[in-house]
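Please read the structure below before turning to the comments.
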Amino acid sequence: MGDTIFALASARGKAGVAVMRVSGPQAHGALAQLCAVPVARQAALRRLVWQGQMLDEALVLVFDEGASFTGEKSVELQVHGSLGVIKALTQALAQMGLRQAEAGEFTRRALENGRLDLAQVEGLADLIDAETEAQRRQALRVLSGAVGKRAEGWRKDLIRAGALVEATIDFADEDVPVDVTPEVLGLIDGLLTDLRREIAGASVAERVRDGFEVAIIGAPNAGKSTLLNALAGREAAITSEIAGTTRDVIEVRMDLDGLAVTLLDTAGLRETADPVEQIGVARALARAGTADLRVFLLDHDGEVLLMTPKDEDIVVQGKADVRPRNGAVSGRTGQGLDQLVARITAVLAGKAASAGVMTRERHKVAMIRAVEAMESARNQVQGFGGAAELVALDLRRAARALDMLVGRVDTENLLDEIFASFCIGK
């Protein structure tokens, strides 16, 4: 039996309501020392009394083992959110012998008890951290089990392909189809197509989760800092008529139509003998090169210096207030800002549309390793004569690479599939 743990599930500090969560084998017994235990999963109002003293009046929820977030017996107490009530309740639970939970321990118990898989745990963390609508939707999709469902389909095909190959090795004299090559190749090709698509979408999904970067670049004194301040709605960058004021990269976090975006104000791009400014220009080029989108702000000469725009990049004339021109923008007057924001949002929304289900680097690494193993298996299948053992080994490597997504594919799984498909062992 594990410890019974407790912790405040709501934010610390004064609030209208605070939620105390208790989980473990003694959760119901601890509640019984405070009040009459209500029927499971039916909220009830109870007076909490400890050692003859009333602590508070609370809304109490009880969950049986197997029916709670952690999979253990659990209790949730919704009390008044004053610091005094929380302190008194915390002391009472500690005096009963319960232990304060460590960071993430409730979720870890949910994982250990099979209530969540690892991807769902990550989705829960992302949902808690979500700042924008796109991040919220993506996190909910992962938390709902989308990764597990996709992985389960891959697992099924891996088991089937492995079963076919293992059958040619272990049951060659039984009633087994002689040539399994076409089906094995079809399964591998289907898996490779799915995995490559997900690998391509994983990088975009990471950007949705972490935020896109948009770099504003151009010559010195083109109005980049003024434009950044106008987009941010505050004085985030120092502006001056003196060229080269910005030396470092200035970052501003924004929400553009539900997408998390970091705007980058960079040093003016020009050849310079000033060693400090040279560092700023180098940093500007480096950050702009890795950004998801670049906004080139043209100066009065209309030239783009030191860097060539890519296909999706936005090129626009700056300082429309002093150099009026169709399509120009001005951070000082706001002219053209709505149109510029709409263009930036459209480009990033197009990128976000290709986001896959997998959202983290570890997902991508696992899929890449699985693809490498399946490509090796495919090469072996195409030259199948006597290479069944090598194909089976590669398929097992692919399964191991996806263990973090699909769980372990063991011998028992393979044998179950073989007996079900080929009626072996009569």
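Miscellaneous remarks
- If the condition is being polar (S, T, N, Q) and either without any contact (Cβ under 8 Å) to a residue 24 or more places away in the chain or closer than 12 Å to residue 264 by Cβ (or both), then region 200-226 contributes only 225.
- Positions within region 99-117 being of a type outside the set (Val, Ile, Thr) and in contact with a helix residue (DSSP H, G or I) (Cβ under 6 Å, 6 or more places away or on another chain), in sequence order: 111, 116, 117
- Taken over region 81-112, the criterion of being crowded, with 16+ Cβ neighbours inside 10 Å and over 18 Å from residue 29 (Cα atoms) is satisfied by 81, 85, 86, 88, 105, 106, 107, 109, 110, 111.
- Test: residue in region 80-98 that is free of Cβ contacts under 8 Å to residues at least 60 places away in the same chain and within 30 Å of residue 144 (Cα to Cα): no
- Close pairs (8 angstrom Cβ cut-off, 6 or more residues apart or separate chains): at negative phi and at pLDDT 70 or above in region 163-184, surrounded by 13 or more Cβ atoms within 10 Å (Cβ to Cβ) and of a type in the set (Phe, Trp, Tyr) anywhere: 167/422; 181/384
- Qualifying residue in region 332-346 (condition: touching a Ser or Thr at 6+ places or on another chain (Cβ under 9 Å) and either loosely packed, with under 13 Cβ neighbours inside 10 Å or of a type in the set (Asp, Glu) (or both)): no
- Taken over region 143-156, the residue count meeting the criterion of being surrounded by fewer than 16 Cβ atoms within 10 Å (Cβ to Cβ) and assigned to a helix (DSSP H, G or I) is 4.
- The residue that is surrounded by the fewest Cβ atoms within 10 Å (Cβ to Cβ), among those in region 252-298 that are charged (D, E, K, R) and within 22 Å of the chain's Cα centre (by Cα), is 253.
- Residues satisfying the stated conditions in region 194-231, i.e. in contact with a strand residue (DSSP E or B) (Cβ under 7 Å, 6 or more places away or on another chain) and among the basic types (Lys, Arg): 224
- Looking across region 1-45, the residues that are of a type in the set (Val, Ile, Thr) and surrounded by 12 or more Cβ atoms within 10 Å (Cβ to Cβ) come down to 4, 5, 19, 22, 37.
For (1) within 27 Å of residue 133 (Cβ to Cβ); (2) over 35 Å from the mean Cα position of the chain (by Cα); (3) part of a helix (DSSP H, G or I), each residue gets a yes or a no:
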| site | (1), (2), (3) |
| --- | --- |
| 309 | no, no, no |
| 319 | no, yes, no |
| 359 | yes, no, no |
| 362 | yes, no, yes |
| 377 | no, no, yes |
| 393 | no, no, yes |
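- Cβ pairs under 6 Å, 6+ apart, first in region 269-298 and outside the structural domain of residue 256 (by TED's automatic domain parsing) and part of a helix (DSSP H, G or I), second surrounded by fewer than 20 Cβ atoms within 10 Å (Cβ to Cβ) and at pLDDT 85 or above: none
- From the list 365, 381, the lone residue that is free of Cβ contacts under 8 Å to residues at least 12 places away in the same chain, closer than 28 Å to residue 195 by Cα and β-branched (Val, Ile, Thr) is 365.
- Complete set of residues in region 121-135 that are closer than 20 Å to residue 9 by Cα and exposed (fewer than 15 other Cβ atoms within 10 Å of the Cβ): 128, 129, 131
The values are calculated or read from the model by the stated rules, or taken from the named source; none is laboratory data. Predicted, not measured: the structure shown is a model, and the values here were computed from it. Methodologically, a virtual Cβ is constructed for each residue, glycine included, from the backbone with ideal geometry; neighbour enumeration extends over all protein chains shown.
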